[in-house]
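Taking it in order: structure first as structure tokens, then the write-up.
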Amino acid sequence: MFGHIHLIGKWLMTVVTQILDQMPAITKPQRKFVLVLFATILALRGRLNFRNLARYSTYSERTHHRQFHQSFDFPAFNRRAIAHVTDAATTLLVAQDATFIRKSGKQTYGLDKFWNGCAHRNEKGLELSAIAILDVARRTAYPLSAHQTPPRRNSLKEPSSELAATPQTTFQPEETRIDFYLQHLAQTVPFLPQQVRYAVFDGAFAKRKFVAGVAELDLHLISLLRVDANLRYLYTGAKARRGRPKAFDGKVNFADLSRLDCAGEVAPHITLYTAVVNSVSLKRNIRICVVLNRTKPEKPRRVVLFSTDCELSAHTIYDYYTLRFQIEFLFRDAKQFTGLNDCQARDKEALHFHFNMALAAVGVTKIEELRQHRASQPPVFSLASWKQRAFNEQLLDVFISKLALEPTVIKSHPQYDYLRTYGAIAA
């Protein structure tokens, strides 16, 4: 076991220290632990569990277990981290999505049947609802908040120990998962940057209850509709002198786009069509953006995007919705490199800390990459390279410490930077 951990130079710890200094409610022991934990996550090889963390840190396995049960304001931390690379002039969006977390056993909080997109079926495990900020100019996402989806009441056999979910942490009979996603978003709204006005979601969130809830939060929603969605054209003709005014003018047929406005091509063989229509299921007027793909002329494909902001252009709807996929890269990096799937704890508090820490580690590393980026070079972010460099730095510091070498002499050597970046994909 490494007896000493170097705080990975000063590159990452500088931004983490600055953020923690702005959070006076954090105690000194927790502040010290969080600083070491961020560094340990990047230097660690293998699974992110308490025993493996203790191998790479000065803290014991028991200390890690105890600290993971402490509350920490991750939305406030992430909001301050995002402020390091954005300002009031930066165009930002908010995105929300859920990801499936594999978990074996029977006593873990939150076990239920959830949709696993990789397997294309419902599976037993955990689900994490995550909210991220999307940077339109940089085409990237920063994590903001994550909450574990509670289990449905009596959906699986209830744990018999003290780890059993309480009525406050399970769904009430009239509540659904859409209610939980909306509650999570409402709790996170106070931490959104002031310029955020649009929220982007995939098609699973295009439900009337959720759309209405987002509107009450003073946000415009952008999402995806089914290709057989029940939509009606708005009537724009002359008004009758008597009787109720005619409001609609026929059903939208996506096989015939002649009544929609052509907004031009966004790529070869990909054309946008748009109009303001009425959605029967959402019970409101929306602007739709039909993406027609004629790559195969004999079998054209259509995708129907929409926004509750009827003044938004079709190109903007298309651009904002395609940016939504950046939140999937957060899930990918967190699962592959920062241990999102590896939590060995079973209770709600430790799981919450673990999931948020895994995502926050991705976020602060990406933010530090942007802070170091030179405008003359194209941005390249590789979390695998950051982990490789962090491991190399820690290992070199262990050699210096254990062999009683002079740090100044070693780190000023021309080959030190080569050893520090050895094996990195993108130096």
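Which ones in segment 35-78 are over 18 Å from residue 342 (Cα atoms) and under 24 Å from the mean Cα position of the chain (by Cα)?
35, 36, 70, 71, 72, 73, 74, 75, 76, 77, 78
Of all residues in segment 78-107, how many are in contact with a Gly (Cβ under 9 Å, 6 or more places away or on another chain) and not in a strand (DSSP E or B)?
Narrowing segment 78-107 to residues in contact with a Gly (Cβ under 9 Å, 6 or more places away or on another chain): 78, 81-82, 99-104.
The next check asks that each one be not in a strand (DSSP E or B); those that pass are 78, 81-82, 102-104.
Residues that pass the stated criteria total 6.
Considering only segment 235-252, how many residues are touching a strand residue (DSSP E or B) at 6+ places or on another chain (Cβ under 9 Å) and loosely packed, with under 13 Cβ neighbours inside 10 Å?
Within segment 235-252, residues that are touching a strand residue (DSSP E or B) at 6+ places or on another chain (Cβ under 9 Å) and loosely packed, with under 13 Cβ neighbours inside 10 Å number 5.
Within segment 284-339, how many residues turn out to be among the small types (Gly, Ala, Ser), in contact (Cβ under 8 Å) with a residue 60 or more places away in the chain and more than 30 Å from residue 43 (Cα to Cα)?
1
Of all residues in segment 104-121, which are without any contact (Cβ under 8 Å) to a residue 40 or more places away in the chain and either crowded, with 23+ Cβ neighbours inside 10 Å or not aromatic (Phe, Trp, Tyr) (or both)?
Across segment 104-121, the qualifying residues are 104, 116, 117, 118, 119, 120, 121.
Identify all residues within segment 51-76 that are modelled with pLDDT under 95, hydrophobic (A, V, I, L, M, F, W, C) and crowded, with 22+ Cβ neighbours inside 10 Å; write none if there are none.
Of everything in segment 51-76, just one residue is modelled with pLDDT under 95, hydrophobic (A, V, I, L, M, F, W, C) and crowded, with 22+ Cβ neighbours inside 10 Å, namely 53.
Report whether or not residue 359 is part of a loop (DSSP other than H, G, I, E, B) and modelled with pLDDT of 85 or more.
Numbers: part of a loop (DSSP other than H, G, I, E, B): no; modelled with pLDDT of 85 or more: yes.
The answer is no for residue 359.
Please find, among 312, 305, 330, 351, the residue that is assigned to a loop (DSSP other than H, G, I, E, B), crowded, with 16+ Cβ neighbours inside 10 Å and modelled with pLDDT of 95 or more.
Working: 305 fails: assigned to a loop (DSSP other than H, G, I, E, B); 330 fails: assigned to a loop (DSSP other than H, G, I, E, B); 351 fails: assigned to a loop (DSSP other than H, G, I, E, B).
On inspection, the qualifying residue turns out to be 312.
Within the bounds of segment 237-248, is there any residue that is over 30 Å from the mean Cα position of the chain (by Cα), in contact (Cβ under 8 Å) with a residue 12 or more places away in the chain and assigned to a strand (DSSP E or B)?
Yes: one or more hits.
Considering only segment 46-76, state which residues are within 15 Å of residue 348 (Cα to Cα), part of a helix (DSSP H, G or I) and polar (S, T, N, Q).
67
Go through segment 179-197 and count every residue that is surrounded by 20 or more Cβ atoms within 10 Å (Cβ to Cβ) and not in a helix (DSSP H, G or I).
Residues meeting the conditions: 1.
How do the pairs read when you match residues in segment 185-207 that are within 26 Å of residue 115 (Cβ to Cβ) with residues anywhere that are of a type in the set (Phe, Trp, Tyr) and surrounded by 15 or more Cβ atoms within 10 Å (Cβ to Cβ), using Cβ under 8 Å and keeping only pairs 6 or more apart or on different chains?
From segment 185-207, the pairs are 198/320; 200/320; 200/321; 201/210; 205/181; 206/306.
Identify all residues within segment 319-339 that are in contact with a strand residue (DSSP E or B) (Cβ under 7 Å, 6 or more places away or on another chain) and either under 13 Å from residue 357 (Cα atoms) or of a type in the set (Val, Ile, Thr) (or both); write none if there are none.
327, 330, 331
Taking segment 212-236 as the region of interest, how many residues are farther than 20 Å from residue 322 by Cα and assigned to a loop (DSSP other than H, G, I, E, B)?
7
Go through the residues of segment 122-136 one by one and say whether even a single one is in a loop (DSSP other than H, G, I, E, B) and surrounded by fewer than 17 Cβ atoms within 10 Å (Cβ to Cβ).
As a first pass, look at segment 122-136 and keep what is in a loop (DSSP other than H, G, I, E, B): 136.
Then drop every residue that is not surrounded by fewer than 17 Cβ atoms within 10 Å (Cβ to Cβ), which leaves 136.
Yes, segment 122-136 contains at least one residue that is in a loop (DSSP other than H, G, I, E, B) and surrounded by fewer than 17 Cβ atoms within 10 Å (Cβ to Cβ).
Conditions (1) farther than 19 Å from residue 144 by Cα; (2) aromatic (Phe, Trp, Tyr), marked per residue:
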position	(1), (2)
305	yes, no
313	yes, no
318	yes, yes
330	no, no
338	no, no
347	yes, no
352	no, no
355	no, yes
358	no, no
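One residue is enough: does segment 402-414 have a residue meeting the conditions assigned to a helix (DSSP H, G or I), over 26 Å from residue 86 (Cβ atoms) and of a type in the set (Ser, Thr, Tyr)?
Yes, because at least one residue in segment 402-414 is assigned to a helix (DSSP H, G or I), over 26 Å from residue 86 (Cβ atoms) and of a type in the set (Ser, Thr, Tyr).
In segment 249-262, what residues are closer than 18 Å to residue 235 by Cβ and assigned to a strand (DSSP E or B)?
If the condition is that a residue be closer than 18 Å to residue 235 by Cβ and assigned to a strand (DSSP E or B), then 249, 250, 251, 261 are the ones that fit.
Counting only residues that are of a type in the set (A, V, I, L, M) and touching a Leu at 6+ places or on another chain (Cβ under 8 Å), how many does segment 49-82 have?
2
Only residues that are in a strand (DSSP E or B) and in contact (Cβ under 8 Å) with a residue 12 or more places away in the chain: list them for segment 263-276, please.
The answer is 263, 264, 266, 270, 271, 272, 273, 274, 275, 276.
The values are calculated or read from the model by the stated rules, or taken from the named source; none is laboratory data. All values derive from a computational prediction rather than experimental measurement. Glycine gets a Cβ as well: all are built from the backbone with ideal geometry, and neighbour counts include every protein chain shown.
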